[in-house]
């Protein structure tokens, strides 16, 4: 049974939550407490799978509570439910809260967020691996992107398009900006997955505050990325995103597809930062046994970069089609598919892009198996392999023009 903890200094709010969530009593063991201090005492006795807390509370507020939870119980999913929606406070929460919901919360919204977060724990079913992801407070950006972003947001003449292009050039920046803009504090009518729209919505002030916050972005620690070439990895992600976009241009899934392509290797940002030795061991195993790198990662670490990256994006609240594509981009056939969706677009793009995820590693590794024409037929795609070739070639000509 999953264990959940709700923290709010207003008893009527807790009573309302208790009444609303009563029907989940057979699935969830729930505690309702009135202070951050009581929450810490409870967690010391019995760690929880998920914590939902108010922001404004006397004594230990929500940010301080979640900071302690992220340090001492990093495997716990952390959600803020608050009516406090100032931008500065939202940014203060970014390193510690996975998702942000606003009061009053729609009756079904909270339940949906909780259910999805708990299902993600089944995707990454080892608590030690969830703890690795849960410890993530900041994802380091590529050094030249980090430096340029800090400079460009101080330039009064810079355009939003220039900022958006720079954000999309780095997976860590992309993921964080979309996490923040889709926070319920901003009360969007629909979820944003287009980078330019996200930057335009947040505006220069928010992007500037994000860029200069050392608690959210930082340069890679010296030597942390030595096991792989991050520039090659980012170039590969852009190539996949570009090809996948050519396959979904003009469709309702175009933005999600571009985003999934940009973020499909975000798990390597986590592994290179949090457990570089294990990642190096996986590359050596892949090279010595002639197996795909993602298979070696699972053998050494317990999960591949794909599942680890998808779990992070999931608890950050990114759209499910993006999470699914990130989690299964190496093995799309393991899911039952009946249409050409975001996952299919990313998987097919992988087949057309020269090199793969492993191309960012210095060691010579076996090529990853790729989908073929039969895959498109199996999912009843609206076009065949020849049309994929035509679209990809057209994209290449446009890029060269």
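The values are calculated or read from the model by the stated rules, or taken from the named source; none is laboratory data. Being a predicted model, the structure only gives us computed values, none of them experimental. Cβ: placed from backbone, ideal geometry, glycine included. Neighbour counts: every protein chain shown.
Annotations
- Test: residue in segment 352-373 that is outside the structural domain of residue 97 (by TED's automatic domain parsing), farther than 20 Å from residue 237 by Cβ, surrounded by fewer than 21 Cβ atoms within 10 Å (Cβ to Cβ) and without any contact (Cβ under 8 Å) to a residue 60 or more places away in the chain: yes
- Count of residues meeting criterion [touching a helix residue (DSSP H, G or I) at 6+ places or on another chain (Cβ under 7 Å) and either at pLDDT 90 or above or surrounded by fewer than 18 Cβ atoms within 10 Å (Cβ to Cβ) (or both)] in segment 70-90: 11
- Scanning segment 266-302 for residues that are part of a helix (DSSP H, G or I), touching a helix residue (DSSP H, G or I) at 6+ places or on another chain (Cβ under 8 Å) and more than 24 Å from residue 314 (Cβ to Cβ) turns up 281, 283, 285, 286, 289.
- Leading residue by the ranking (surrounded by the most Cβ atoms within 10 Å (Cβ to Cβ)) among those in segment 115-149 that are free of Cβ contacts under 8 Å to residues at least 40 places away in the same chain and in contact with a helix residue (DSSP H, G or I) (Cβ under 8 Å, 6 or more places away or on another chain): 145
- In segment 107-121, the residue that is modelled with the lowest pLDDT out of those that are over 16 Å from the mean Cα position of the chain (by Cα) and part of a helix (DSSP H, G or I) is 109.
- Selection count where residues are in contact with a helix residue (DSSP H, G or I) (Cβ under 7 Å, 6 or more places away or on another chain), farther than 14 Å from residue 115 by Cβ and either in contact (Cβ under 8 Å) with a residue 40 or more places away in the chain or not in a strand (DSSP E or B) (or both), scope segment 1-32: 4
- Single condition residue 318 does not satisfy, out of (1) assigned to a loop (DSSP other than H, G, I, E, B); (2) surrounded by fewer than 23 Cβ atoms within 10 Å (Cβ to Cβ); (3) out of contact with any strand residue (DSSP E or B) (no Cβ under 8 Å at 6 or more places or on another chain): (2)
- Scanning segment 303-315 for residues being in a helix (DSSP H, G or I), out of contact with any strand residue (DSSP E or B) (no Cβ under 9 Å at 6 or more places or on another chain) and more than 15 Å from residue 361 (Cβ to Cβ) gives a total of 9.
- Residue in segment 150-163 that is modelled with the lowest pLDDT, counting only those that are surrounded by 14 or more Cβ atoms within 10 Å (Cβ to Cβ) and over 19 Å from residue 194 (Cα atoms): 153
- Taken together, the residues in segment 364-384 that are closer than 21 Å to residue 334 by Cβ and modelled with pLDDT of 85 or more amount to 12.
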